[in-house]
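Take a look at the structure set out below.
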Amino acid sequence: AEDARQARAYGYVFQAAGLYPWRTIAGNIKLPLEIMGYSKSDQAEHVRKVLQLVDLEGFERKFPWQLSGGMQQRASIARALAFDADILLMDEPFGALDEIVRDHLNEQLLQLWARTEKTIAFVTHSIPEAVYLSTKIVVMSPRPGRIAEVIDSPLPRERPLNIRDSKEFIDLAHRVREGLRAGHSDETSV
């Protein structure tokens, strides 16, 4: 893990945006680049590129408190993307957002994934979110956490939000729910 961190093989997006309130959005995004010794011109180019990827162009001089919760999370994603890591680890980044904003960010995340082709490991407690975002769903058991089931998604890679009304989506959501229930019943029988 330490070798991967030093090689900048992964970026991490937390549950809360974790932006420094005294730094602008651009300042927050370029912070890891400053720490890693990137030149100012490289920092500016990376910031410009990732702000475009997350649809936050024009907000680089704003402070976090001037942005909505969804925009703050997009800035957090931009920061994780700034040093071009191969893997993006996301720990319930949309959990505190309302349903409409969450849906919008889920759609944007799929678009971002299509443009960057990065590997994204996304942790969520929302079954519909897991089914909508994933090509592979890893169902975990409760304490101790272990892999209960790995499910390959039969859904197409391009997914409009209304795919949630399809039979394939609903069937897959039921399968995930059953995997979770089985994991919980195993816990109570131990």
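Values quoted throughout were computed directly from the atomic coordinates according to the rules given, and no laboratory measurement underlies them. A quick note: this is a predicted structure, and the numbers were derived from the prediction, not measured. Because the Cβ atoms are built from the backbone with ideal geometry, glycine has one as well, and the counts that use them run over all protein chains shown.
General remarks:
- Our summary gives the chain a relative contact order of 20 percent, counting only alpha carbon pairs under 8 angstrom and 6 or more residues apart.
- The chain - charge dipole about Cα centre, Lys and Arg +1 at Cβ, Asp and Glu -1, debye rounded to 20: 420 debye
- Dipole of the chain [Lys/Arg +1, Asp/Glu -1 at C-beta], most positive-end residue of TYR132, LEU89, PRO142: LEU89
- When each of GLU92, GLU57 is scored by the number of other beta-carbon atoms lying within 10 Å, the sequence from fewest to most is GLU57, GLU92.
- Phi angles of the range 97-114 translate, via the Karplus equation with coefficients 6.51, -1.76, 1.60 and θ = phi - 60°, into HN-Hα couplings of 9, 6, 4, 5, 5, 4, 4, 4, 5, 4, 4, 5, 5, 4, 5, 4, 4, 5 Hz per residue; Gly and Pro are given as x.
- Note on the range 1-123: the C-alpha convex hull projects to 7.2 nm² when averaged across all orientations.
- Coupling constants for the range 117-134 follow from the phi torsions by the Karplus curve (6.51 cos²θ - 1.76 cosθ + 1.60, θ = phi - 60°), and in residue order they are 6, 6, 7, 10, 9, 10, 9, 8, 9, 8, 4, x, 5, 4, 5, 5, 8, 9 Hz; glycine and proline get x.
- When its C-alpha radius of gyration is set against 2.2 N^0.38 Å (N residues), the range 126-190 gives a value of 1.18.
- Amide hydrogen neighbours beyond the local backbone of TYR10, cut-off 5 Å, H modeled: ASP86, ILE87
- Evaluating 6.51 cos²θ - 1.76 cosθ + 1.60 at θ = phi - 60° for every residue in the range 30-42, the Karplus couplings come out as 7, 3, x, 5, 4, 4, 7, x, 5, 5, 4, 5, 5 Hz, glycine and proline recorded as x.
- Inter-site label distance for ASP84 and TYR20 at 7 Å from Cα along Cβ, in nm: 2.4 nm
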